[in-house]
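Student: Mind having a look at this structure? Questions to follow.
Computed from the coordinates by the stated procedures, all read-outs in this text should not be read as laboratory data. Computed from a predicted structure; not experimentally measured. Cβ placement follows ideal geometry from the backbone for every residue including glycine, while neighbour counts extend to all protein chains displayed.
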Amino acid sequence: MLATGLVCVMSMLWLFIYWQLGPQFSTTVPFAFQLLLAGNMAIYLKTRNFDLFRHTQLGLFLFMPFVAQWSIGNFITASGVSLWGLLAPIGAILFCGVRESIAWFAAYIFMTALSGFFDFYLADTMLKSSANAVPIRTSVFFFVLNFIAVSSIVYLLLRFSTLEKEKAALRLDEAHRLLQIEQERSEKLLLNILPGSIAERLKNSSQTIADGFADVTVMFADIVNFTRVAEGLTPQQVFAMLNRIFSSFDELAEKYGMEKIKTIGDAYMVAGGLNSEFSDYTAAIADMAADMRDLLHRDFNVNQMHLEVRIGIGTGPVVAGVVGKKKFIYDLWGDTVNIASRITSEGVPGMIQVDETTYRRLQDRYAFHEPQTIYLKGKGNMVVYRLIGPKTPAAAGGAVDQATA
């Protein structure tokens, strides 16, 4: 469209100049050229057939300058007006591609050579006929105009093409930047759902993800009487309360390097030992459990309803994996998970109950109440231990002395 507009303007100028210079210049050809260009543009605006439009325009750009030259005389008398035909292969490079432009350039070379051939063999005949001879000054004037006009159009087309490429590059950079932002956002969202190593495996493989772990410590924390308290609150208040509590638990999980697994209603599940970064994960979960309990006791901003928490911890083998293809979650299964869940349900508000395996690992550094025997559905009677907290240095030393004695 830009090239067509520029050529139309130049054709009007050439038409006016030719008309002013007298009958030796053909005004019919530039006028017909202008009409054909305008008509072809009108057809394009109506049909939006760009392939037909560009090939027709390139054909007009190529052939009409040679027709104008032949109507005036030869290369010299027409002041090299055929140079305008160069716009066809240049336009083809810009709008059709390098491969297609080869044919247009070959056609331009052929037309130029053909005109030169006829001019060479008809030169003597044309010199003898001086009735329509073009004055040298006029010929020079049009040489200058033709070279300036063609050079200007070529420059403007190349400049336009370069500017469009720069704009396209800027749009591409902006799209790439937005894509990176969305990718980072998606990455953060995925890492909020899955552990980092699992997220990488899920992105790089479509296979089912299921791993067996010989030793993992699992903790459940259950908000006591939450359902009864929630009955007197609006949905917004219920959400705000749970969000404050569980967000605080999330911060503790991050502090101790534990892996949050999920929340189920008013229950919070976390595990340690799923990665190799922390070897003393059982003690870390015990510290986290004590901090969770103390947080609800002392921080009114988090626990405005004075809710209690009961916590159960179990240690042993588990199976971990990603379930489902949509709205998938990373979850744990196994007897260890069931035990931790059930000793939580059978626990006392404000207390942390652990199984035998967990107790054996923590007994040297943590104080416990006397063991309790409780009945667990599907498991029968089981001994559990209620964790008080880390031992004081004196108590720890006494325990060591007693063991030594």
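Student: Once amide H atoms are built 1.01 Å from N in the peptide plane, which residues 5 or more positions from ALA367, or in another chain, come under 5 Å H to H?
Tutor: ILE388, GLY389, LYS391
Student: Now for a different question. So for each of 371-378, 85-92 I average, over its residues, the number of other beta carbons within 10 Å; can you give me the resulting order with the highest mean first?
Tutor: Numbers: 371-378: 11.4, 85-92: 23.2.
Listed from highest to lowest mean packing, they are 85-92, 371-378.
Student: Tell me the net charge near GLY389. Cut-off is 13 Å between Cβ atoms, GLY389 excluded, with +1 for each Lys or Arg and -1 for each Asp or Glu.
Tutor: Working: positive: ARG293, ARG365, ARG386, LYS391; negative: ASP287, ASP291, ASP294.
Residues close to GLY389 contribute a combined charge of +1.
Student: Quick one: which residues, 5 or more positions from GLY321 or on another chain, have an amide H under 5 Å from its amide H? H modelled 1.01 Å from N in the peptide plane, none for Pro or chain starts.
Tutor: ASP211, ASP331
Student: Rounded to the nearest 0.05, what FRET efficiency do ASP291 and ALA210 give with R0 = 35 Å and r taken as the Cβ-Cβ distance? Could you check?
Tutor: Details: r = 32 Å, r/R0 = 0.91.
Once rounded, the FRET efficiency stands at 0.65.
Student: Report the full-extension gain for the segment ALA168 to ARG360: residue separation times 0.36 nm, less the Cα-Cα distance, to one decimal in nm. Walk me through the numbers before you get to the answer.
Tutor: Details: separation 192, 0.36 × 192 = 69.12 nm, distance 6.65 nm.
Contour length minus Cα-Cα distance gives 62.5 nm.
Student: Taking 8 Å as the Cα distance limit and 6 or more residues as the minimum spacing, I'd like the relative contact order of the range 208-404 as a percentage.
Tutor: Numbers: 345 pairs, mean separation 46.0, N = 197.
Rounded, it is 23 percent for the range 208-404.
Student: Starting from the Kirkwood radius over alpha-carbon pairs of the range 208-404, derive D by Stokes-Einstein at 25 °C in a medium of 0.890 mPa s and give it in µm² s⁻¹.
Tutor: Working: Rh = 17.5 Å.
Here the translational diffusion coefficient equals 140 µm²/s.
Student: Let me ask something else. Looking only at the range 47-78, which residues have a backbone nitrogen under 15 Å from a spot 7 Å from the Cα of ARG99 in the C-beta direction?
Tutor: The answer is none, because no backbone nitrogen lies closer than 15 Å to the label point.
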